[in-house]
Amino acid sequence: MSGVFFKEATEVREIAEDIIDKYHPHLQDAKDVIGYYFREGASDWAGKAKKCTAFERFVTNKMLFVFISSDAWKAMTHDQRVALVDHELCHFARKSFKDIDPKTGDWVEKYEPADQADSWSIREHDVEEFSDVIKRHGLWDTGIEKFAAAVREADYQMSLDDIEREEKRMLRAVK
């Protein structure tokens with residue numbers, strides 16, 4: 001019998017909580033309102049981020065979901081898994097405001113309540129473009145230019161050679 005099934009993804013949650021502590025301050029007090037699930041069954045995507053509907057919130061007490069294709073997850077290296085989870089977390093946007101910290105007098109960013117649906121939205125990708133268009137027209141849009149700058153400034157670039165090397169290492173370990 002074929003179909004689609006979901007199961008809780010504790011490994012994804014563990015990776016996400018580490019990433020949240022490092023890179024996502026807007027999610028630090030919201031860890032309990034994010035549900036992580038593996039999707040079993042054929043899929044044309046590796047991961048999805050979703051803001052819950054009113055019914056989903058009622059049934060699960062969650063505000064946000066991260067779905068990961070179990071087939072894609074199994075085929076990925078650890079570094080790729082971390083990157084995928086970070087990517088999905090980047091989709092979660094939260095309303096915030098600036099306020100004065102009474103202890104220091106500094107402006108600080110504060111976030112709307114984690115348990116309020118109106119606090120959350122889904123953020124789209126920074127760049128959506130074809131490499132052919134960039135080849136023909138260059139960095140024609142500010143979003144693409146910012147993306148290219150981020151690529152140039154990244155401390156580490158995961159290359160196809162890295163992936164192939166890791167796949168070969170994993171195959172040798174299985175034999």
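Each reported figure results from applying straightforward, stated rules to the coordinates on display, with no laboratory input. Not measured: the values here are computed from a predicted model. In this analysis, Cβ positions are derived from the backbone assuming ideal geometry, glycine residues included, and neighbour counts consider all displayed protein chains.
Kindly write out, for segment 11-27 in residue order, the coupling ³J(HN,Hα) from the Karplus curve 6.51 cos²θ - 1.76 cosθ + 1.60 (θ = phi - 60°), rounded to whole Hz, with x marking Gly and Pro.
4, 5, 4, 4, 5, 4, 5, 5, 5, 4, 4, 8, 10, 10, x, 6, 10
Starting at the first residue of segment 45-58, write each ³J(HN,Hα) from the Karplus equation 6.51 cos²θ - 1.76 cosθ + 1.60 with θ = phi - 60°, in whole Hz, x for Gly and Pro.
9, 8, x, 9, 10, 8, 7, 6, 6, 4, 5, 4, 5, 4
Counting only C-alpha contacts under 8 Å and six or more residues apart, can you give the relative contact order of the chain as a whole percent? Please list the in-between numbers first.
Working: 199 pairs, mean separation 31.1, N = 175.
After rounding, I find 18 percent.
If each of I100 and D118 carries a label point 7 Å out from its Cα toward its Cβ, how far apart are those two points in nm?
Label-label distance for I100 and D118, simple model: 2.7 nm.
Taking the chain as a Gaussian network, Cα atoms linked when under 10 Å apart, which of A54, A30, A154 shows the biggest mean-square fluctuation?
A154
Along the Cα→Cβ direction, 7 angstrom out, place labels at A148 and E109. What is the inter-label distance in nm?
Going from the A148 label point to the E109 one covers 2.7 nm.
Would you kindly work out the equivalent ellipsoid of the chain from its C-alpha gyration tensor and give its semi-axes, the square roots of five times the eigenvalues, largest first in whole Å? Mind showing how you got there, number by number?
Working: eigenvalues 176, 128, 59 Å².
Each semi-axis is √(5λ); the values are 30, 25, 17 Å.
Which of the lysines could a cross-linker bridge to K74, judged by Cα under 18 Å and excluding same-chain residues fewer than eight apart?
Cα-Cα hits under 18 Å: K7, K48, K168, K175.
With springs only between Cα atoms under 10 Å, which of K146, K31, K103 fluctuates most in a Gaussian network model of the chain?
Per the Cα network of the chain with a 10 Å cutoff, K103 tops the list.
In whole Å, what are the Cα extents of segment 128-175 along the three principal axes, biggest one first?
Over segment 128-175, Cα extents along the principal axes are 49, 23, 14 Å.
Scanning the chain for GluC sites (Glu not before Pro) in DSSP loops with at most 11 other Cβ atoms within 10 Å, what's the longest stretch left with none? Present the calculation step by step, with values, prior to reporting the outcome.
On the way: sites that count: E124, E128.
With a cap of 11 other Cβ atoms within 10 Å, the longest stretch comes to 1-123.
For a quick size check, give me the Cα extents of segment 31-94 along its three principal axes, largest first, whole Å.
Result, largest extent first: 34, 25, 18 Å.
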